[in-house]
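Chemist: Below you will find the structure I want to go over with you.
The values are calculated or read from the model by the stated rules, or taken from the named source; none is laboratory data. Just so we're clear, the structure is a prediction, and the values are computed from it rather than from any experiment. Heads up, the Cβs are rebuilt from the backbone with ideal geometry, glycines too, and the neighbour counts pull from every protein chain shown.
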2 protein chains.
Amino acid sequence: MCVFQLRARPAATVPPPRWNQPGGERHTEVVTALRIGLAQVDLTVGAFAANSAMVSARVAEAAAAGAQLVVFPEMTLTGYMPEDLVLRRSFRAASRKALTDLAASLAAAGLGDIAVVVGYLDEHQGARNAAAFIQDGSVVARYFKYHLPTYGVFDEDRYFTPGSELTVVRFAGVDIGLTICEDIWQDGGPFTAARVAEVGLLLNINGSPYERNKDDIRLPLVRRRAIEAGAPVVYVNQVGGQDELVFDGDSFVVAADGALLGRAPQFVEKLYYVDIELPQATSDASPVVNDLTVRRTIAPLPARSSGAAVHEAEPLGIAGRISDEEEVWGALVAGTGDYIRKNGFSSVVLGMSGGIDSAVVAAIAADAIGGSRVYGVGMPSAYSSDHSKSDAAELAERIGAHYEVVEIEPIVRAFVESLKLTGLAEENVQARVRGTTLMGLSNQHGHLVLATGNKSELSVGYSTIYGDAVGGFAPIKDVPKSFVWKLAEWRNAEARRRGQLPPIPQNSISKPPSAELSPGQLDSDSLPDYELLDAILARYVDEDAGFADLVSEGFDPALVRRVVRMTDAAEWKRRQYPPGPKISLKAFGKDRRLPITNRWREAQDADEH
Amino acid sequence: MCVFQLRARPAATVPPPRWNQPGGERHTEVVTALRIGLAQVDLTVGAFAANSAMVSARVAEAAAAGAQLVVFPEMTLTGYMPEDLVLRRSFRAASRKALTDLAASLAAAGLGDIAVVVGYLDEHQGARNAAAFIQDGSVVARYFKYHLPTYGVFDEDRYFTPGSELTVVRFAGVDIGLTICEDIWQDGGPFTAARVAEVGLLLNINGSPYERNKDDIRLPLVRRRAIEAGAPVVYVNQVGGQDELVFDGDSFVVAADGALLGRAPQFVEKLYYVDIELPQATSDASPVVNDLTVRRTIAPLPARSSGAAVHEAEPLGIAGRISDEEEVWGALVAGTGDYIRKNGFSSVVLGMSGGIDSAVVAAIAADAIGGSRVYGVGMPSAYSSDHSKSDAAELAERIGAHYEVVEIEPIVRAFVESLKLTGLAEENVQARVRGTTLMGLSNQHGHLVLATGNKSELSVGYSTIYGDAVGGFAPIKDVPKSFVWKLAEWRNAEARRRGQLPPIPQNSISKPPSAELSPGQLDSDSLPDYELLDAILARYVDEDAGFADLVSEGFDPALVRRVVRMTDAAEWKRRQYPPGPKISLKAFGKDRRLPITNRWREAQDADEH
């Protein structure tokens, strides 16, 4: 009946596994159909109560949807990444307690017979990045992450002791292997062991941060692992922002032959479910594979599926690829909105100059928390053009934001005269008076200040520290200027497509960029064309290319030297810049750790080394 | 003759090894005396040419002093720590080239017959933290660091592939084993292998950052390793500052029985030399110990020692312990001076409020670069007391610094009126006008701005971001307020001891601390007594103690809750604070990595979790 009922669902959403493919041959006889929930959810670091309550609510949803097993992301209970909180004994104890409390409360709520896999922080001969298989009010089995990433934004060797066992839980007669995030990115380890142990299904729970086009890498990778293990893989990732990281979801299921069975959309928080036919376990062997032991556990019988009830969960379809602009916009809105909400703010304030950067940041904020909670401030200086002021006002109008003008000129004059400032010092004072103005309004009214700098400016130091750099969060700090324009075009086009008013004034997009800190100043006076600049920066900053590499790729040596010098010299400023969502291969922040005191010069000069 | 001549030196500086001690018995027959140079030098990250030139000069000094072997610190050629520069192929190639160029230039300079051990970055199946044994113009042998620290400020698993061989060089008939820094801090590995391989001498080259009382830990540790290996250990550490790290030197030599043969003073850059009698090698075995293979190499014959010539090198005596205050002051002066010099500044500017923090920072800067290159700015507000102004002027006078007064009141008024600011927002504007003033003077005159915040303020967020927090470097950011007073007392006492004018006005030390941002304001209005506050912070910040720990230790729960809350809430501000020298077990910065978005509350409240 269970099987019948499941077979009865439209094949469209869930094509049956193709056992006649490589990797699948082993299990051809008896199959069991399971309905599995993929909880693509948003977590908050350290919010044990809130994270546990969310799990309980989603498990109830899954029950209503007739699922027998629900899978949550990596570090579900602690949130990810907790960073040095892991070093605190009190935090580790709280995580262990949250797990046992969750198991008990699920059972108390009549949800004990559904199997639940959650990530948490455990402590066993060291701190562990762990996954627990919960059922009937207790922890049936646990798994400790085997591969610990220590590159990019990850420092897991700093925190965790690696696991030495592949945990296999026999559930409804199916052998289910537990794995965590990086386990799927590295060769060897759990997936190799899984094939030898003849596992029937692999779960991989993730805290996998968004990067442009990363979704194009994940699927082929997981396909390969599924084929390697000879078993289907259920890949579950979280959504939402945590400081500089944004998680995009993109959860999916692949068959033993690597066929895509279902894929969730990015940046959508929802419980999805999938029906999948799985082979009955035939082996009880507990082999040792490389340095991994296979540990087997038997779970209680699963809940009988009853898909009848009304529920919010959604059958897992196959979400299509979205455009690069749409994907990035989604990441910036999610990252900015979560930073605001999770840090207890309900409104933001930013300087609106009429330029493209502040326009895009304002539009992102409006999409994240609503235009009525966005406060724009125009702070024209003696060098601000008239269109700057009108463009800023029009932007505010289009996105439904508040807008006021503050005259900074008298204050700037007072500084310049009392300190006898000239040139760059005078230019910077304008920016710093603006920064102090925004912070004053923030202190007075409780708004979070958003910084509007982009990655190109941040790279070459084309910003004023304590001036336009002030803020609690910087939504486009990892977006190259040339892509900021693309985002604006896309967002306006998307609005037109939806029959809405395009948020960004065309004039802000089309006019030549200028800091307007001196008469008739244009970015192009001191910087190369942004397309060219960004091409160099993508190689130098994101990919660690050297001077020789860039020159051999055809870039002008003098220009490369200049760009590299400017980028190196701005390191101290970047250190004091607010966090912002990572969307690139290498974002400024914990992802790129360079010394400030640094005499290395890519463009070799005898005088320097 | 060589041996005779060496025996002829005063035994006082170098007591002969006591072979009749545990660990020493093996080598009783033939001994060779070697004169070894310990290069306790200051390096600069990325300055290959400068670092190599320094090595050549020191090797020449060592030759003049009749040394046969000179030992330099970890990562001599690249400087330490290069952080993500290691990920750049161009940088790795430059390091390898610098090594071969150095070997050739030493030979060309007639210094080929002296053996030189330098640290560098190598590339061999991954990046390696390496040591090279150079002689006669070529690299005789190299060693790859086995234990890679990945905790605290260290991220070496992020960068390096660990070594798998203990390198033993037979030099003058003595088997010399090469090890690097962390190798001596972890059990197992090279020191265990060294005993089995019957090594006659172990070199340990370091980039070991200063921490209060760390020198008290190093010596017993190295004694233990020497006994474990059954061989003397020559421990060489660098001096000087690199961003947030300060290296204190403290190089020393320990006999096979753990007896201290000589110890260099902290924070002094100098080439020291020691004469030591070492056992002739008797074994040629190349055992495999755990996962380490022993690789043996034979070096050319050493130079004939001729100690006649005049030279700057100094025989290694046994430096005594210095007081905590003197040690910390030395670290702050070294760290601040090196940051200024290595980043190309020749002067500093800071706000002089007449308070203890700015007074101590000014005195540190004066000790580091001379008072004539320190520019103090008095920026009294409506709430500044008269004594504040006079104390600031007196401080400048005492340390020979420049001093000017800038009236900020009109500018503050302009902000407050145009933005209608009250309370905290008004207080912060005063601090930000000061910050903008200092940055304006910095931009105009090229001074580095020094921030004057201490660790207690930084912990609880008792500072104004973009206000008193502005600066390129923050000399006392890791110094608790209660210790800032001790430093001031010590520095003044030290001046009196030397018959000099005490730099810090007594009034700045004795008056109650105040931010002077509102009428009659005192720190004690909003903060507990600093001794008490610092006691809590030392446990919470430096040692990761939890709420329950602190309460069980007798601290008032309500106070602990408040302090912990304030500390957690200030994380976003600390992220944008300038770097400063690490002197504690755990400094803010890369040493302590906490999320900003963080709902974990040590003091548990139902509403939060």
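Chemist: So in the stretch B:373-389, with the set limited to residues that are modelled with pLDDT under 90 and part of a helix (DSSP H, G or I), which one is farthest from B:ALA359 (Cα to Cα)?
Modeler: Among those residues, the one meeting the criterion is B:ASP386.
Chemist: Name the single residue, out of those in the stretch B:438-462 being outside any loop (DSSP other than H, G, I, E, B) and among the small types (Gly, Ala, Ser), that is farthest from the other protein chains (Cβ to nearest Cβ).
Modeler: Our first condition is that a residue be outside any loop (DSSP other than H, G, I, E, B); within the stretch B:438-462, this holds for B:438-445, B:448-450, B:455-460.
Among the residues that remain, those that are also among the small types (Gly, Ala, Ser) are: B:440, B:442, B:456, B:459.
Working: B:GLY440: 5, B:SER442: 8, B:SER456: 20, B:SER459: 15 Å.
My answer is B:SER456.
Chemist: Do you know which residues across the stretch B:11-48 are among the small types (Gly, Ala, Ser), touching a Lys or Arg at 6+ places or on another chain (Cβ under 9 Å) and either under 29 Å from B:ASP248 (Cβ atoms) or at pLDDT 95 or above (or both)?
Modeler: Just the residues of the stretch B:11-48 that are among the small types (Gly, Ala, Ser), to begin with: B:11-12, B:23-24, B:33, B:37, B:39, B:46-47.
Add one more test, that the residue is touching a Lys or Arg at 6+ places or on another chain (Cβ under 9 Å), and what stays is B:23-24, B:33, B:37, B:39, B:46-47.
Residues satisfying the conditions are B:GLY23, B:GLY37, B:ALA39, B:GLY46, B:ALA47.
Chemist: From (1) in a loop (DSSP other than H, G, I, E, B); (2) closer than 30 Å to B:SER346 by Cβ; (3) not charged (D, E, K, R), pick out the condition that doesn't hold for B:GLY520.
Modeler: Result: B:GLY520 fails condition (2) only.
Chemist: Right, here's the next one. Would you check if A:ILE322 is of a type in the set (Val, Ile, Thr), closer than 30 Å to A:GLN135 by Cβ and in contact (Cβ under 8 Å) with a residue 24 or more places away in the chain?
Modeler: For A:ILE322, the condition - of a type in the set (Val, Ile, Thr), closer than 30 Å to A:GLN135 by Cβ and in contact (Cβ under 8 Å) with a residue 24 or more places away in the chain - is not met.
Chemist: Same structure again: Looking at B:ALA431, is it over 30 Å from B:GLN500 (Cβ atoms), more than 9 Å from chain A (Cβ to nearest Cβ), of a type in the set (A, V, I, L, M, F, W, C) and out of contact with any strand residue (DSSP E or B) (no Cβ under 8 Å at 6 or more places or on another chain)?
Modeler: yes
Chemist: Among the residues of the stretch A:183-205, are any modelled with pLDDT of 95 or more and within 14 Å of another protein chain (Cβ to nearest Cβ)?
Modeler: No: the stretch A:183-205 contains no residue that is modelled with pLDDT of 95 or more and within 14 Å of another protein chain (Cβ to nearest Cβ).
Chemist: When you look at A:VAL268, is it in the same structural domain as A:THR179 (by TED's automatic domain parsing), touching a strand residue (DSSP E or B) at 6+ places or on another chain (Cβ under 8 Å) and modelled with pLDDT of 95 or more, yes or no?
Modeler: So A:VAL268 fits the description; yes.
Chemist: Hey, among A:ARG218, A:ARG224, A:ARG212, which residue is closer than 25 Å to A:TYR151 by Cα and in contact with a Leu (Cβ under 8 Å, 6 or more places away or on another chain)?
Modeler: Working: A:ARG218 fails: in contact with a Leu (Cβ under 8 Å, 6 or more places away or on another chain); A:ARG224 fails: in contact with a Leu (Cβ under 8 Å, 6 or more places away or on another chain).
Just a single option satisfies the conditions, and that option is A:ARG212.
Chemist: Output the residue which, of all residues in the stretch A:404-428 that are more than 8 Å from chain B (Cβ to nearest Cβ) and not in a helix (DSSP H, G or I), is nearest to the chain's Cα centre (by Cα).
Modeler: Per the criteria, the residue is A:GLU404.
Chemist: Tell me which residues, restricted to the stretch A:355-385, are under 27 Å from A:SER482 (Cβ atoms) and surrounded by fewer than 18 Cβ atoms within 10 Å (Cβ to Cβ).
Modeler: Within the stretch A:355-385, A:TYR383, A:SER385 meet the criteria.
Chemist: Pull up the stretch B:197-222, narrow it to residues that are touching a strand residue (DSSP E or B) at 6+ places or on another chain (Cβ under 9 Å) and basic (Lys, Arg), then point me to the one that is farthest from B:SER584 (Cα to Cα).
Modeler: B:ARG218
Chemist: Sticking with this one: Among B:ASP556, B:ASP525, B:ASP549, which is without any contact (Cβ under 8 Å) to a residue 24 or more places away in the chain, surrounded by fewer than 19 Cβ atoms within 10 Å (Cβ to Cβ) and over 30 Å from A:VAL45 (Cβ atoms)?
Modeler: B:ASP525
Chemist: Another one. Tell me the residue from B:ARG601, B:ARG565 that is touching a residue at least 24 places away in the same chain (Cβ under 8 Å), surrounded by fewer than 21 Cβ atoms within 10 Å (Cβ to Cβ), basic (Lys, Arg) and not in a loop (DSSP other than H, G, I, E, B), please.
Modeler: Working: B:ARG601 fails: not in a loop (DSSP other than H, G, I, E, B).
The unique qualifying residue is B:ARG565.
Chemist: Report whether or not A:GLY471 is closer than 27 Å to A:GLY370 by Cα, surrounded by 23 or more Cβ atoms within 10 Å (Cβ to Cβ), touching a residue at least 40 places away in the same chain (Cβ under 8 Å) and at the interface with chain B (Cβ under 10 Å from one of its Cβ atoms).
Modeler: So A:GLY471 fits the description; yes.
Chemist: Next question, about the same structure. Right, B:PRO581: buried (at least 20 other Cβ atoms within 10 Å of the Cβ), touching a helix residue (DSSP H, G or I) at 6+ places or on another chain (Cβ under 8 Å), more than 18 Å from A:ASN343 (Cβ to Cβ) and in the same structural domain as B:GLY467 (by TED's automatic domain parsing) or not?
Modeler: It is true that B:PRO581 is buried (at least 20 other Cβ atoms within 10 Å of the Cβ), touching a helix residue (DSSP H, G or I) at 6+ places or on another chain (Cβ under 8 Å), more than 18 Å from A:ASN343 (Cβ to Cβ) and in the same structural domain as B:GLY467 (by TED's automatic domain parsing).
Chemist: State whether the residues of the stretch B:393-400 include one that is facing chain A (nearest Cβ under 10 Å), part of a helix (DSSP H, G or I) and of a type in the set (Val, Ile, Thr). Explain how you work it out, then say what you get.
Modeler: If we filter the stretch B:393-400 for residues that are facing chain A (nearest Cβ under 10 Å), which is where we start, we get none.
No, there is no match, as no residue in the stretch B:393-400 is facing chain A (nearest Cβ under 10 Å), part of a helix (DSSP H, G or I) and of a type in the set (Val, Ile, Thr).
Residue-by-condition table, conditions (1) over 24 Å from the mean Cα position of the chain (by Cα); (2) among the acidic types (Asp, Glu):
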position	(1), (2)
B:THR150	no, no
B:ASP157	no, yes
B:LEU166	yes, no
B:ASP183	no, yes
B:GLY200	yes, no
B:LEU203	no, no
B:TYR210	no, no
B:LEU219	no, no
B:ARG224	no, no
